[in-house]
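Let me begin by presenting the structure, written as structure tokens, before commenting on it.
The values are calculated or read from the model by the stated rules, or taken from the named source; none is laboratory data. A quick note: this is a predicted structure, and the numbers were derived from the prediction, not measured. Note that we place each Cβ from the backbone using ideal geometry, even for glycine, and neighbour counts take in every protein chain shown.
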Amino acid sequence: MKKICAISTVEATMIQFIIPAMRRMKENGYDVTLVCTMTEKFYEEYSKEFTCINLQMKRGLSIVDLIKMPFVFRKLFKNGQYDLVQYATPNASFYASLGALMARVKRRVYCQWGIRYVGNSGLMRRALKLLEKITCMCSTHIRPASWKNLDFAVSENLYKRAKASVIGDGGTVGIDLSVYKLDNKETNKAAVYQQYPQLQNKTVFGFVGRFNRDKGINELLGAFSRLQREYDNLALLLIGEADESLPQYSELVENNTSVVTTGWTKEVPKYLAAVDVLVHPSYREGFSMVIQQAMALEIPVVTTDIPGPSEVIEKNVTGVLAEPRDTDTLYEMMRWMIEHPEDRTAMGKAGRSRCEKLFNRERMLRLTLEDREQILKSAYNE
């Protein structure tokens, strides 16, 4: 029986992006081990299915961990005798790639679902880029989230093109369309309206995720503030919680009855049902599960023209693109959505069709399984 080890820094990534694929691997006869920073609840739930190793890893940079953790992984891999290791998220990927190389694991797969140094500058950018390059050098196979992300990485000399490929048309594990059923949309919308009656009879712009700078939250709030001065029937539904203070527009969020914040929630499909237009103005992104979720519910999208999001949507068919870090173009695209309700409806329907064809979970799990099996069959030698 072939042995696979899947690693991420935090359990949230493991649950959302890795376990569905590992479950499919197990169903096909593979022995799967999961490694991440685990809570007791996570361990109790998933150790029934997989071998689980709770390895505490901190987010952020630590010189001590950069030196120590690769040796921890080296020991883990030597003991486990894995046929393939795969890793995602920056810190875990650096530690695991270097540890796997030292342990002489023959197949080392880097799930490059984002590039951390993008959006940084100066010394921090150089340091993060060096870590990224080392991770890529230590990996035998790289699976970026999208073709534009692959092109960017190659242009940055992170790796040679021959080392990398994209699963399907991009993404990680795709969308479980059974969770995003159109039949449930009206019921969920009514429940949200009951909870937040101020959303009714308005064009509702939605945002999903942590409210932080890199997600473009300041540009979104700035554009919405301008639009509110022109239109009376607008609302903004922020699905998530703040990652940092937002001093520039805190007054708008706190005192504007047309801006609703749900806080952290597992009920994303429910709240998305009340959204007319998803706005996702991120500075950097892997492939954006959020955009796929919105499209699955026939919600048109305004996002930024960056690798990942610009590939999830089909420009001017399922959504429109604004420039990153640019409040003016974001405002213009949001305004266009207000002025063209019939086009919004058509874009929403086209988005659902695109999800069904390209990003449905069954397709992505099948393609991921085929990819890993092909890697395992390869006669790669150091």
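Looking across Asp169, Asp183, one residue alone is charged (D, E, K, R), in a loop (DSSP other than H, G, I, E, B) and within 30 Å of Ala274 (Cβ to Cβ). It is Asp169. The single residue among Arg126, Arg104 that is of a type in the set (Lys, Arg), part of a loop (DSSP other than H, G, I, E, B) and out of contact with any Gly (no Cβ under 8 Å at 6 or more places or on another chain) turns out to be Arg104.
Just checking, which of Asn149, Asn157 is surrounded by 20 or more Cβ atoms within 10 Å (Cβ to Cβ), under 24 Å from Ser121 (Cα atoms) and of a type in the set (S, T, N, Q)?
Working: Asn157 fails: surrounded by 20 or more Cβ atoms within 10 Å (Cβ to Cβ).
Answer to the selection: Asn149.
Taking the criterion of being buried (at least 24 other Cβ atoms within 10 Å of the Cβ), small (Gly, Ala, Ser) and free of Cβ contacts under 8 Å to residues at least 40 places away in the same chain, the residues of the range 83-125 that qualify are Gly99, Ala100. For the range 298-334, a residue qualifies if it is among the charged types (D, E, K, R) and surrounded by fewer than 20 Cβ atoms within 10 Å (Cβ to Cβ), and the qualifying residues are Asp305, Glu314, Lys315, Glu323, Arg325, Asp326, Asp328, Glu332.
Test Val277 against the stated conditions and say whether it is β-branched (Val, Ile, Thr), closer than 17 Å to Met333 by Cα, surrounded by 16 or more Cβ atoms within 10 Å (Cβ to Cβ) and under 24 Å from the mean Cα position of the chain (by Cα).
Considered against the rule, which asks whether it is β-branched (Val, Ile, Thr), closer than 17 Å to Met333 by Cα, surrounded by 16 or more Cβ atoms within 10 Å (Cβ to Cβ) and under 24 Å from the mean Cα position of the chain (by Cα), Val277 comes out as yes.
The listed residues are Ser155, Ser146, Ser139, and the only one of them that is touching a strand residue (DSSP E or B) at 6+ places or on another chain (Cβ under 6 Å) and closer than 22 Å to Tyr117 by Cβ turns out to be Ser139.
All of (1) farther than 13 Å from Phe94 by Cβ; (2) in contact (Cβ under 8 Å) with a residue 24 or more places away in the chain; (3) of a type outside the set (Gly, Ala, Ser); (4) outside any strand (DSSP E or B) hold for Cys136 with one exception: (1).
May I ask you to say which residue of Ala190, Ala162, Ala103, Ala153 is at pLDDT 95 or above, among the small types (Gly, Ala, Ser) and in contact with a Lys or Arg (Cβ under 6 Å, 6 or more places away or on another chain)? It would help to see each step written out before you state the result.
Values: Ala190 fails: in contact with a Lys or Arg (Cβ under 6 Å, 6 or more places away or on another chain); Ala162 fails: in contact with a Lys or Arg (Cβ under 6 Å, 6 or more places away or on another chain); Ala153 fails: in contact with a Lys or Arg (Cβ under 6 Å, 6 or more places away or on another chain).
Being at pLDDT 95 or above, among the small types (Gly, Ala, Ser) and in contact with a Lys or Arg (Cβ under 6 Å, 6 or more places away or on another chain) holds for just one of Ala190, Ala162, Ala103, Ala153, which is Ala103.
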